[in-house]
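Asker: Dumping the structure here so I can ask a few things about it.
Throughout, read-outs are computed from the coordinates displayed, never taken from laboratory work. What you are looking at is a predicted structure, and each value in this text was computed from that prediction instead of being measured. Please note: Cβ atoms are built from the backbone with ideal geometry, for glycine as well, and neighbour counts cover all protein chains shown.
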Amino acid sequence: MEKRVYEVWKGSNKFILGGRLIFGPDAKSLLVTLLLITVPVIIFCVFVARHLRHAFSPYNAGYAILAVAIVFTIYVLILLFLTSARDPGIIPRNSHPPEEEFRYDSSVSAEVGGRQTPSLQFPRTKEVMVNGVHVRVKYCDTCMLYRPPRCSHCSICNNCVERFDHHCPWVGQCIGLRNYRYFFMFVSSATLLCIYVFSMSALYIKVLMDDHEGTVWKAMKESPPSVILMAYCFIALWFVGGLTGFHLYLISTNQTTYENFRFRADNRINVYNLGCPSNFLEVFCTKIKPSKNNFRAFVREEVSRPTLQSIQGAEAEDLGGGDPRPKVEDDLEIGEDLLKISQRRNIEEIDEDIRSRGSNGPAHTALEVDAILDSDHRAPTIRSETRHSSWGRRSGSWEIATDDVLSNSKVTESRSYMMGKEGRQ
């Protein structure tokens, strides 16, 4: 039965509306972000902006303050939605490693089955050219592909993301090539919204001071929600405002958060820096690439192809490199069980034969006794040789000749009979 791509998706993402919207595994944190935005704005509209509708010379000019707050909040929420509910630039993973990269290296050999064989090697890195400079890219074992430049594997979403910046828990999504622009616009717009609410709340305090001709403390007692909003916006500005300033610096130098934190101490040359104006144009004015994943497309589950480790394991098994001891031990146990069963059956036949002969049977001479004893001592040697011949056998079980089993059984019974006879004499 065919399934859609999002139904067999191997990443940790969550899909809604039949794969039309994709979120990160921590999408529930998005609800917290929504509350942190909408609740203060609702308080502002009810307790502050509503009282400023007629506070200015045009009688209804204050309605603009309320309208701006509502429209700007909706704009911020749309940016949040565009950031968190779209493909950030996930690279589709392969179902098997790139076979063209396999090679046998005779210089690195492994001793398998007592023979030196060339080892199957797989390069962990490759070099590509970026703006005339060689850049080394790494192989991703999870996605089974060589990551493009500036791509990294997100351990939270379990995907390789192009131009990976970071995984943001506040939006519940990775920030990458396809949603970085919306992420920056969301953060910067949230900063402006905080400044707006803070400024209008302070303005309302000023209006109260003028109306009642009192001090700032009396005005603050008159409108506690304004004070709470000012304190909230002041604290929030340290976070969203600082984040906006940091990403302005990253955009101007064409860096990602991942690159800045990981390579800042390496003093590497930034091969992606095109100059401040060109860097801003690249982020805000270039067309966003379409997604490489069609999450609603139908797909058939492929049979997993052998990986590098399974190939090496199969080669070692074919060359006899596996440990034969468990197989030999099983064969020994089976052989011993067969020997015991054969001995039980033949002891009864020998016993009946001895009883039938009774005292009329010929007496055993000393030579016959020595022969019996020597034969009894050689019996373990026969078993030992059989054990040695089974070493390294790949299939089947122990094969014990019937004549060997009968002779061994007769020798054992004859010895017990002679020892009993000597004791009676």
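Asker: Can you compute the FRET efficiency between SER155 and GLU213 using 1/(1 + (r/R0)^6), with r the Cβ-Cβ distance and R0 = 45 Å? Round to the nearest 0.05. Provide the component values of the computation, followed by the final result.
Answerer: Numbers: r = 61 Å, r/R0 = 1.35.
Calculated value: 0.15.
Asker: Add +1 for every Lys or Arg and -1 for every Asp or Glu among the other residues with Cβ under 14 Å from the Cβ of GLY176, and state the total. Display every interim value, and only then the final one.
Answerer: On the way: positive: ARG86, ARG147, ARG150, ARG163, ARG178, ARG181, LYS289, LYS292; negative: ASP87, GLU162, ASP165, GLU259.
It works out to a net charge of +4.
Asker: Follow-up. Can you compute 3J(HN,Hα) from phi for each residue in segment 52-67, using the Karplus curve 6.51 cos²θ - 1.76 cosθ + 1.60 with θ = phi - 60°, rounded to whole Hz and x for Gly and Pro?
Answerer: Values per residue, Gly and Pro as x: 9, 5, 10, 8, 10, 4, x, 4, 9, 5, x, 5, 5, 5, 5, 5 Hz.
Asker: Which pairs break 21 Å Cα to Cα here: LYS14/LYS287; LYS3/LYS292; LYS10/LYS292? Please list the in-between numbers first.
Answerer: On the way: LYS14/LYS287 26 Å; LYS3/LYS292 18 Å; LYS10/LYS292 15 Å.
As for pairs spanning more than 21 Å Cα to Cα, those are LYS14/LYS287.
Asker: Under 5 Å between amide hydrogens, which residues at least 5 positions from HIS167 or on another chain qualify, with H placed 1.01 Å from N in the peptide plane?
Answerer: Close amide H contacts, sequence-distant or interchain: ILE175.
Asker: Going by amide H atoms built from the backbone, whose H comes under 5 Å of the H on ALA55, apart from near neighbours?
Answerer: Excluding prolines and chain starts, which carry no amide H, the hits are GLY62.
Asker: What order, most packed first, do the peptides 229-242, 131-144 have when packing is the mean number of other Cβ atoms within 10 Å of each residue?
Answerer: Numbers: 229-242: 16.4, 131-144: 13.5.
Put in order of decreasing packing, that is 229-242, 131-144.
Asker: VAL130's amide H: which non-local residues (gap 5+, or another chain) put their own amide H closer than 5 Å, with H modeled 1.01 Å from N in plane and none for Pro or chain starts?
Answerer: For VAL130, the qualifying residues are VAL135.
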